[in-house]
Amino acid sequence: MCIRDRPLAVPVPVGVGKPDFGYPWPWAVSRWLDGETASVEALADSSETAVELARFLDALQRFVPEEIPDRRVRTDLTAQPLVARDRATRAAIAETADAFDAAAMTELWDAAINAPGWNGPPVWFHGDFHTGNLLTVDGRLSAVIDFGELGIGDPACDLVIAFTLMSTESRAALRAALGVDDATWLRGRGWALATALNAYAHYAAANPRVAAQTTRQITEALAG
């Protein structure tokens with residue numbers, strides 16, 4: 001993938017393969033990017049980091065590939081709407097009611113899935129935009145990695161980064177830099193809640209790191 005004038009580095013494929021020899025998926029080998037995984041401790045309060053991420057998302061959303069995907073590929077890349085997660089999210093809310101405020105989570109979830117949908121043209125989104133897929137060098141953002149969930153549609157799913165990485169002030173800086181409207185922001189909070197609940201329900205009991213990360217994500221999504 002190549003984004004002209006991209007504000008952060010991205011992996012550049014050096015080899016691409018097709019499903020074969022019993023391996024059922026396409027695959028690629030990409031250029032190595034040096035860096036450390038981004039952390040809340042280092043970057044949560046940085047409005048500068050928030051603006052850098054907003055610049056990256058803006059560039060991604062405006063990106064037009066030299067070869068437009070055909071109808072079949074475009075259909076494959078189109079994301080499911082947030083409401084497709086309704087049953088699983090409500091089940092996770094019930095399952096985690098001892099750990100979090102079930103009434104508050106339900107209120108947010110109902111609001112998010114009933115918010116007006118994306119009314120702009122379909123745009124590219126990263127699809128897995130969280131701290132684990134951001135690299136830093138010398139304490140500054142340097143790269144965005146892991147485009148395995150790349151797709152076309154509603155960019156609200158990439159707002160998850162606002163609730164995995166940022167504090168209240170830096171989150172406001174991201175929103176202002178992107179010019180996010182109320183409905184899109186609400187859907188973004190819904191994506192943050194749904195993805196965090198899914199990870200918490202499946203992995204928190206066995207992985208304290210995941211428990212801490214998803215607890216923060218749920219708490220920040222509820223805070224708005």
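The values are calculated or read from the model by the stated rules, or taken from the named source; none is laboratory data. Please read these numbers as outputs of a predicted model, since none were measured by experiment. Cβ: placed from backbone, ideal geometry, glycine included. Neighbour counts: every protein chain shown. Protein only, heavy atoms only, side chains kept; ligands, DNA and RNA dropped before computing areas. Shrake-Rupley method; radii C 1.70, N 1.55, O 1.52, S 1.80 Å.
For the reader, a short list of remarks on this structure follows.
- Annotation: ARG175 fulfils all but one of (1) in a helix (DSSP H, G or I); (2) more than 11 Å from the chain's Cα centre (by Cα); (3) touching a residue at least 24 places away in the same chain (Cβ under 8 Å); the unmet one is (3).
- Just one of the listed residues (LEU193, LEU186, LEU159, LEU108) is over 21 Å from GLU48 (Cβ atoms), in contact with a Phe, Trp or Tyr (Cβ under 8 Å, 6 or more places away or on another chain), buried (at least 19 other Cβ atoms within 10 Å of the Cβ) and not aromatic (Phe, Trp, Tyr), namely LEU193.
- Within the stretch 200-221, the set of residues being under 24 Å from SER46 (Cβ atoms) and open to solvent by less than 40 Å² (accessible area, probe 1.4 Å) comprises VAL210, THR214, GLN217, ILE218, GLU220, ALA221.
- Any chance ALA42 is more than 20 Å from the chain's Cα centre (by Cα), modelled with pLDDT of 90 or more and open to solvent by less than 90 Å² (accessible area, probe 1.4 Å): no
- Here the stretch 45-66 is the region considered, the condition is being closer than 23 Å to GLY117 by Cβ and in contact with a strand residue (DSSP E or B) (Cβ under 7 Å, 6 or more places away or on another chain), and the residue that is modelled with the lowest pLDDT is PHE63.
- From PHE147, PHE129, residue being of a type in the set (Phe, Trp, Tyr), open to solvent by less than 50 Å² (accessible area, probe 1.4 Å) and under 23 Å from GLU48 (Cβ atoms): PHE129
- Test: residue in the stretch 67-77 that is within 30 Å of LEU141 (Cα to Cα), at pLDDT below 95, part of a helix (DSSP H, G or I) and out of contact with any Asp or Glu (no Cβ under 7 Å at 6 or more places or on another chain): yes
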